[in-house]
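Contents: one structure, followed by commentary.
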Amino acid sequence: MKRLAAAELLACLLSLWGAWYHTPAGAIVRIASAHLFGFRTSARPLLAYYGAGVYGGRLAPAPPLPAPVPPAQALGYGAWAAAAQLDEGERAQFGAASPAQLAAQLRALSRSLGSDEAAVLALFCGEEPARYARDKEGSGASLEELARQLPPRYADRIGLASQALMLGSAYALGWPLPQSVRITSPFGVRAHPLLGGRKLHNGVDLGVPLGTLVRAAGEGVVRRASSDSLNGRTVVLDHGRGVATIYCHNEDLLVREGERVERGQPIARSGNSGRSTGPHLHYQLDLAGEPVDPLRYRADKPKVAALEAAD
Ligand SMILES: [Zn+2]
């Protein structure tokens, strides 16, 4: 009888442990108690598995860029920006490497492990766990698939690895219009020109004449090519790894939903459609579904004109 009770107690404790670490409900309780008692939790990346994938989590502001990012080093910059969130002790253990050094390290890891996903995982979680996950899931596996092979204690580092990939893709993006085109309204909170009140302007407005070719900032898949009364004729490109770009107020669209586009490919002709006060392109960069200032990921920024036209 006593032995039965002990076994029941053990089973009960085991299921509590399982619920605490491996269910969304447990993750919510862990986040709540972490907030309450002020300690760090890995629950957020775990929660993300059930929602928007690994590319969730809180995004720290990217460090300012001293010079344009060479395309071959974009992933190194992503890892550098993600590692900037580690506390000092962890950063020392991680190595105070420059973006260029991290890029070289990642290239070597990618060659030996077969993918950038596994390379970034190796950089943040160690080569042995990354190799184990790669062997289980194959070299074509996504970070999310690889992450499933690692125990919960890696969740924080997996979160950083996902940010490194996402930020690396953001640093690799081009620009939808010639660099000489001026910004007529920057990203940020402003008084709305048409609706009144203070609102977040979730992209940048680029002042261009009607019919200017708008080009894809990076390769990707067209998730949306349609029109609505607010944004006008809009293209949404999904670049993978949690990165999307959005192009609003066009005159006409040159791509269809589901189509693959190359970087630099014309996707629309700019216009004045939707709720807009003059011809311009509204260009928006979303990371993990949240709009961010696209200029933060560019060193050579277009000039900001006197603020007038806007959406
Ligand atoms: Zn705008």
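Rule-based calculations on the coordinates, nothing more; no lab input. Treat the numbers as computed from the prediction; the structure is a model and nothing was measured. All Cβ positions, even for glycine, are placed from backbone atoms using ideal geometry, and neighbour counts span all protein chains on display.
Residue separation of ALA100 and ALA72 scaled by 0.36 nm, minus their Cα-Cα distance, works out to 9.2 nm of gained length.
With the alpha-carbon atoms of the range 59-171 aligned to their principal axes, the span from lowest to highest coordinate is 40, 28, 22 Å, starting with the largest.
Please state, rounded to one decimal and in Å, the Kirkwood hydrodynamic radius that the range 183-297 gives when every pair of distinct Cα atoms enters the mean of 1/r. Walk me through the intermediate numbers first.
Values: mean 1/r = 0.0712 Å⁻¹.
One over the average 1/r among Cα pairs gives 14.0 Å for the range 183-297.
Given their separation in residues at 0.36 nm each and the Cα-Cα distance between them, GLU257 and ALA19 gain 81.7 nm when the chain is fully extended. Of the trypsin sites (Lys or Arg not before Pro) in the range 203-293, the ones in a loop by DSSP (not H, G, I, E or B) with at most 12 other beta carbons within 10 Å are ARG256.
Within the shell defined by Cβ-Cβ distances under 14 Å, the residues around LEU173 carry a net charge of 0, with Lys and Arg each +1 and Asp and Glu each -1.
In the chain, helical runs assigned H by DSSP with n ≥ 4 each contribute -39500 (n - 2.57); averaged across all residues and rounded to the nearest 500, the mean residue ellipticity at 222 nm is -11500 deg cm²/dmol. Extension gain, GLU144-VAL221: 0.36 nm per intervening residue step, less the Cα-Cα distance, totals 25.8 nm.
Straight-line cross-link partners of LYS303 among the aspartates and glutamates, defined as a Cα under 15 Å from its Cα and at least 8 positions apart when in the same chain: ASP205, ASP293. Computed from label points 7 Å out along Cα-Cβ, the spacing between CYS12 and ARG275 is 5.6 nm. Obtain the nm distance between the two label points defined at ARG182 and ARG91 by a simple spin-label model: each point lies 7 Å from its Cα along the Cα-to-C-beta direction. The answer from the label model is 3.8 nm.
With neighbour counts taken as other beta-carbon atoms within 10 Å, the residues ILE246, ILE158, ILE28 rank, fewest first, as ILE28, ILE246, ILE158. On the beta carbon distance between ARG3 and ASP135, with R0 = 35 Å, the FRET formula returns roughly 0.30.
Rounded to the nearest 20, the size of the Cβ-charge dipole of the chain about its Cα centre is 360 debye, with Lys and Arg at +1 and Asp and Glu at -1. The GluC sites (Glu not before Pro) of the range 240-289 meeting both criteria, a DSSP state outside H, G, I, E and B (loop) and at most 13 other C-beta atoms within 10 angstrom of the site's C-beta, are GLU257, GLU262. Cβ-Cβ distance of LEU36 and ALA191, R₀ of 35 Å, FRET efficiency by 1/(1 + (r/R0)^6): the value works out to about 0.40.
Across the chain, Cα-Cα pairs more than 32 Å apart make up 37 percent of the total.
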